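**Q** The structure is given below, and queries will be raised subsequently.
The values are calculated or read from the model by the stated rules, or taken from the named source; none is laboratory data. All values derive from a computational prediction rather than experimental measurement. Using ideal geometry, Cβ is built from the backbone for each residue, glycine included, and neighbour counts are taken over all protein chains shown.
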Amino acid sequence: SEVNDFSSHTLGTRFQIDLKKNTNAEIVLNHLFKYTPLQSHFAVNMLALENNAPKVLNMKHALEIFIHFQEDIVRRRTIFEKDKALKRIHILEGLKIAYLNSDEIVRIIKESDSPESAGKTLMETYNLDDIQVRSILDMPLKRLTKLEINKIEEEMDELNKNVERYNQILGDFEVLKQVVLDEMQETKDKFGDERRTEITDASYSTDDEDLIEDNSIIIMLTKSGYIKRMDTDAFRTQNRGGIGVIGMQTKEDDVVDIMHHSHMKTDILFFTNFGKVYRLRGYQIPYGSRTSKGLPVVNLIKLEKDEKVLSIITCENYDENHYLFFITRNGTVKRTASSEFENINSNGKIAINLAEGDSLVDVKYTSGDAIISLASAKGKVCTFHESDVRAMGRTATGVKGMNVDGSYVIGSCTSQEGGHQIFTLSAHGYGKRSSFEDFRITSRGSKGVYAIKVSEKGGDLVSVKAVNEDDLIVLVTDGGTVLKTRLEDIHEAGRATLGVKVITLKEGENISSVSIEPSDKSIDSEEATIQANLKNNQGEDVNEQLLNELHDDEGEDE
C-alpha cells in the first residue's frame, strides 16, 4: 500500500514496503527479486591464458594459479633483496677498512696526483675492488668518526641476518609458503573491512515463526490450481443433512479438488502428477475468506508447464522410522522413508516414478507398522499391513496394492490417523461410520471387500477416512459449497448399507473433497460443556434441549 525510503549516509540503502491486509509477503518479495535490482544474477566466464594457452578455469584452479603466482613473486623478490644486501655488505666492508686505516688512506689520497691514481694505489695496497674504492673516495671525512663506524658495523650485522633469512626462504619451500600466508593475512588485516551490504536468506527465519501462532488451518485447492488457507472456525457446525455455505468462489468450470487440515507452522508437502514433491510452511499459503477464490498455487511453488498438485499432506518428522506411503489410481503402492524428503529445494524433488496412464491419488504419513486400507470407486476396500510393502527409494514405481478390477482407487486411510472407525461417503452425499473390525485384513493386491452399497441413488464412493465418533467432518461440493457437521450425527452401519444423507445437494452437484477436523479444535466451549454434561448424565434433559437449540441456531445462522 505504501513504500517509504529511509536511505541515508549512515544507514545506507533502506526502504520499507507496507502491505495491505492479507497480502502474501512472500509473493511480493518474489516479484521484487524478479523485476527489480534487489537480486541480481550474472554469469562469469573465467577464460584466461595459462602457459600462453587459453583455458576456462574453475574456482579451485584459479586459486591454485594465483597461489603459485604469489609464491613466484616472493621467490623473485627474495633473490633481489638478497643480491641487494650482499652488494651493500661488500661496500660496508670497504668502508670499514678505510676507518681502520684512515691515517694511511688520507696520506695516499693527499700524495696522489689524481683520484684515479689514488684509487689504483688503494686497490693495490688493501686488495679492494673498484666499487669499494669509489665508495671510499666518495665518503665524506665525517664518516671516519667513531660513531659512524659503529653504525657501519650494526648495518653489516643486520644485513648478514637478512641474508641468512633470505637463504632459508630460498632453500625451504615450507618457509616460503609461510611467508605467502603471512603476507595474505597482513593484507586481510589492513584492507578486510566489513561488508557494506547485508546478505540474508530470502526465506522466513526462525524469528519470523516466533511471531506466528501455530493455529489450526484449512487448506483448499481447486482443480484449476487456486489455493488459500482459512481458519478452522470459518465454518460453523451444521446438522447432518444441511445445505452448507459457500466455501470458495470458483469459476464456472472449476471445483474444489483438495481440502486439507494442518497448522500454521508445520511442513505441507505438495505432490504432483509429475511424481514430484514441493514443500511450504502453513503460514506461507495466503489467507482467504470463505468467498474468495485464492491465488494460483504456481505463485507459491515452481510448477512446470502442465504440472498439477494431486495430493497434500502434513509431514512432522524426517527420519528413518517414519515413511510416506504412496497410493496411485491404478492401485500401485510404495513406501519411502521420510528422511529422503528432508531437503526439498524450490524446484521440487522426485517423489515417485508414475507408470504411464497412472496418477497419484493419496499419500499417507506412517510409522512403518500401520494397517492400510485402499478404497475403490465401486465401493470396495482392500486392507493389509504396511509391512507387506518393503521400503523403496524415491524414484521407484512401487508394487501392486489393490486389484481395482475395472474400477480405480479414490482414497485411503490408515490405523495411525487417530481414528477407530472408517467413514465412507458417496458422490451424492450419503455416508456412514463403520468399525475397522468390519474390514478383514487381506493380502496386498487383493480385490478387497465391500465397504458401501454403490447405487444410482448414492453414486460412486468418493471418500474414505479414519475417524472418531466425536470428530467433525468438512465436506466440499463441486459447486464450492462447504458443510461442517458432527460425525456423531451420522449413524454407524454395516458394510453392505448406503448410509444416511449427510448433505443436501443441489441438482447436478456432487461431493468433491472431504476433510476431518478433530473435535477438540472445533467445538466451542459452550457446546463442549454441554457435551461433557450429557456424558456424565448431569441434567440430561436440560442439556439435551440446550444442545439441540444450539445446533438449530447454527443451522439458521448458516
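**Q** Based on what the data block shows, is residue 323 crowded, with 16+ Cβ neighbours inside 10 Å, touching a residue at least 12 places away in the same chain (Cβ under 8 Å) and under 14 Å from residue 227 (Cβ atoms)?
**A** For residue 323, the condition - crowded, with 16+ Cβ neighbours inside 10 Å, touching a residue at least 12 places away in the same chain (Cβ under 8 Å) and under 14 Å from residue 227 (Cβ atoms) - is not met.
**Q** Given the structure, is residue 350 surrounded by fewer than 19 Cβ atoms within 10 Å (Cβ to Cβ) and of a type in the set (A, V, I, L, M)?
**A** yes
**Q** Here's a follow-up. Just give me the residues in the stretch 324-343 being over 16 Å from residue 374 (Cβ atoms) and in contact with a strand residue (DSSP E or B) (Cβ under 7 Å, 6 or more places away or on another chain), in sequence order.
**A** If the condition is that a residue be over 16 Å from residue 374 (Cβ atoms) and in contact with a strand residue (DSSP E or B) (Cβ under 7 Å, 6 or more places away or on another chain), then 336, 337, 338, 341 are the ones that fit.
**Q** Moving on to the next point. Return the residue satisfying two criteria in turn: it lies in the stretch 457-508 and is more than 25 Å from residue 439 (Cβ to Cβ) and among the acidic types (Asp, Glu), and of such residues it is surrounded by the most Cβ atoms within 10 Å (Cβ to Cβ). Give the steps one after another, and end with the answer.
**A** Of the stretch 457-508, the ones more than 25 Å from residue 439 (Cβ to Cβ) are 476-484, 504-508.
After this cut, where a residue has to be among the acidic types (Asp, Glu) as well, the list is 478, 507.
Details: 478: 20, 507: 4.
Here the answer is 478.
**Q** Output the qualifying pairs, or none if there are none: Cβ atoms under 6 angstrom, residues six or more apart or on different chains, first residue in the stretch 261-276 and closer than 18 Å to residue 514 by Cα and not assigned by TED's automatic domain parsing to the domain that holds residue 340, second residue buried (at least 21 other Cβ atoms within 10 Å of the Cβ) and not charged (D, E, K, R).
**A** Once the first residue is closer than 18 Å to residue 514 by Cα and not assigned by TED's automatic domain parsing to the domain that holds residue 340 and sits in the stretch 261-276, no partner that is buried (at least 21 other Cβ atoms within 10 Å of the Cβ) and not charged (D, E, K, R) comes close enough.
**Q** Kindly state which strands (runs of 3 or more DSSP E) lie completely within the stretch 215-334 and contain at least 3 residues that are modelled with pLDDT under 85.
**A** Working: elements: 216-222, 226-231, 256-263, 267-272, 276-281, 309-315, 323-328.
Per the criteria, 256-263.
**Q** What is the one condition in (1) more than 23 Å from residue 411 (Cα to Cα); (2) modelled with pLDDT under 85 that residue 507 does not satisfy?
**A** Among (1) more than 23 Å from residue 411 (Cα to Cα); (2) modelled with pLDDT under 85, the lone unmet condition for residue 507 is (2).
**Q** Give the number of residues within the stretch 8-50 that are surrounded by 10 or more Cβ atoms within 10 Å (Cβ to Cβ) and among the polar types (S, T, N, Q).
**A** So the count comes out to 6.
**Q** Identify the single condition in (1) surrounded by fewer than 19 Cβ atoms within 10 Å (Cβ to Cβ); (2) more than 24 Å from residue 411 (Cα to Cα); (3) under 22 Å from the mean Cα position of the chain (by Cα) that residue 286 does not satisfy, given that it satisfies every other one.
**A** (1) is the only condition that residue 286 fails.
**Q** Which count do you get for residues in the stretch 136-155 that are touching a residue at least 24 places away in the same chain (Cβ under 8 Å) and either outside the structural domain of residue 88 (by TED's automatic domain parsing) or under 17 Å from residue 107 (Cα atoms) (or both)?
**A** Result for the stretch 136-155: 5.
**Q** Among the strands (runs of 3 or more DSSP E) contained in the stretch 403-470, which hold 1 or more residues that are closer than 18 Å to residue 329 by Cα and either free of Cβ contacts under 8 Å to residues at least 40 places away in the same chain or of a type in the set (S, T, N, Q) (or both)? Walk me through how you get there before you give the answer.
**A** On the way: elements: 409-414, 421-426, 430-435, 461-467.
Answer list for the stretch 403-470: 409-414, 421-426, 461-467.
**Q** Still on this structure, please answer the following. With the structure loaded, tell me whether residue 479 is under 24 Å from residue 223 (Cα atoms), at pLDDT below 85 and touching a Ser or Thr at 6+ places or on another chain (Cβ under 9 Å) or whether it fails that test.
**A** Taking the combined requirement at face value, the residue satisfies it.
**Q** Still on this model: Looking at (1) surrounded by 14 or more Cβ atoms within 10 Å (Cβ to Cβ); (2) modelled with pLDDT of 90 or more; (3) in the same structural domain as residue 150 (by TED's automatic domain parsing), which one does residue 105 not meet, given that it meets all the others?
**A** Here residue 105 meets the rest and fails (2).
**Q** For the stretch 407-428, which positions are modelled with pLDDT under 90 and either more than 33 Å from the chain's Cα centre (by Cα) or small (Gly, Ala, Ser) (or both)?
**A** Filtering the stretch 407-428 for residues modelled with pLDDT under 90 gives 415-421.
Within the stretch 407-428, 415, 418, 419, 420, 421 qualify.
**Q** Being at pLDDT below 75 and more than 30 Å from residue 282 (Cα to Cα) is the requirement here; does residue 6 meet it?
**A** no
**Q** Considering only the stretch 34-78, state which residues are closer than 19 Å to residue 174 by Cβ and either hydroxyl-bearing (Ser, Thr, Tyr) or at pLDDT below 90 (or both).
**A** 78 - this is the single residue of the stretch 34-78 that is closer than 19 Å to residue 174 by Cβ and either hydroxyl-bearing (Ser, Thr, Tyr) or at pLDDT below 90 (or both).
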